[in-house]
Amino acid sequence: MTGKIIIPQIQFSDPKGGTIPQLGFGTYKVAPDSAQQIVEAALELGYRHIDTAQMYRNEAEVGTALAVSGIPRSEIFLTTKLDNPFHAEADARRSLEESLEKLRTDYVDLFLIHWPMPDTYDGKYPDCWRLLLDFRDAGLVRHVGVSNFQVSHLQRLLDEVGEFPAVNQIETHPWFANNKVREFTRAHGGIIEAWSPLARGRFFDDPGLQREAKRLGCTPAQLVLRWAIDRGDVVFPKSNHRERMQENLGALEVQLDAEASAVLDNLDRGEAGRTGSHPDKVNWLRK
């Protein structure tokens, strides 16, 4: 990359205001024994948005990396997520306190319900959403949102609680554009975060994608990340390798044209392109 890294920001529409960096670093499947070193490397390269979760079991190592980095806490956007077994009030409060302790901070910038689990807890995920709003109002978190919520789940939050999530973190990438959920979320002022924005590289051998990457002088990963950024999504690709982290930052210097955008838009396979679990079918509890 050339010059200083300038990461675009998206404005929140919730009561807290402020912005979220559009390109961050994800820690899903980053093992605890290597998470500190890997997050330290990401911070050294210029990442200032770190995404973790209680379910990932690496919060303590992420917290240590942030603490030893020397970067002021106010310059880092930190996300964690409520694990599936902790939707009840006492469990949610305790788990958030534990997350803050592990992350070595007195607040997180964004706290999400990880999965709606519509057939668990008698389908009372709106009650869990009310808890997150309480956590925000108490200053424990700056912004609150959800992850893996479908349109039906989001509509229930609107109908029963009345406040829409600031963020909906969903699977979305060229193979699975997930536009129905994206459009509903954005129409109600929510920000889309794309987990697995590269779909683990499963479609990188597509001839059209390779051709456009070569034509624009970038890698397939950079092309796909730029496509997501241009769509207005927040992305946080994960890598254990410093050179790949650097490559992903290089997406900020890529400029897509209409031809390249059309190629990526046409890769959408609908539900057949989904690489993760369907949110309506996730009802597992794991402690």
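The values are calculated or read from the model by the stated rules, or taken from the named source; none is laboratory data. Note that the structure is predicted; figures quoted are calculated from it, not measured. Reconstructed Cβ throughout: ideal geometry from the backbone, glycine too, with neighbour counts over all protein chains shown. Areas reflect the complete protein model, heavy atoms only, side chains present, ligands, DNA and RNA absent. Shrake-Rupley method; radii C 1.70, N 1.55, O 1.52, S 1.80 Å.
Quote the FRET efficiency, to the nearest 0.05, computed for T19 versus D230 with a Förster distance R0 of 22 Å and r equal to the Cβ-Cβ distance. List each step's numbers first, then the result.
On the way: r = 18 Å, r/R0 = 0.80.
Efficiency at R0 = 22 Å is approximately 0.80.
Would you mind getting the accessible area per residue of segment 125-251, heavy atoms of the protein chains only, 1.4 Å probe, in Å²? Provide the component values of the computation, followed by the final result.
Values: 4700 Å² over 127 residues.
Accessible surface, normalised per residue, equals 37 Å².
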For this session: Leaving ligands, DNA and RNA out of it, work out the accessible area of M117 with a 1.4 Å probe and give it in Å² to the nearest 10.
Result: 0
For this session: Could you check how much of the accessible area of the chain is carbon and sulfur, as a whole percent, using a 1.4 Å probe?
Result: 47
For this session: Measure out, as a whole number of angstrom, how far apart the alpha-carbon centroids of segment 57-76 and segment 185-242 sit.
Result: 26
Exercise. What longest range of the chain stays clear of loop-exposed chymotrypsin sites (Phe, Trp or Tyr not before Pro) (DSSP non-H/G/I/E/B, at most 14 other C-beta within 10 angstrom)?
Worked result: 29-283
Seminar exercise, completed: Computed from the beta carbon distance with a Förster radius of 22 Å, FRET efficiency for A138 and A67 to the nearest 0.05 stands at 0.40
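Could you rank the peptides 214-223, 151-160 by their average count of other C-beta atoms within 10 Å per residue, with the highest value first? If you can, show how the numbers build up before the last one.
Working: 214-223: 17.6, 151-160: 15.8.
The packing order, highest mean first, is 214-223, 151-160.
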Exercise. Measuring from centroid to centroid over Cα atoms, what is the spacing of segment 140-165 and segment 83-134 in Å?
Worked result: 13
For this session: List, in the order given, every pair from K102/K124; K81/K102; K124/K281 whose Cα-Cα distance in the structure shown is over 22 Å.
Result: K102/K124
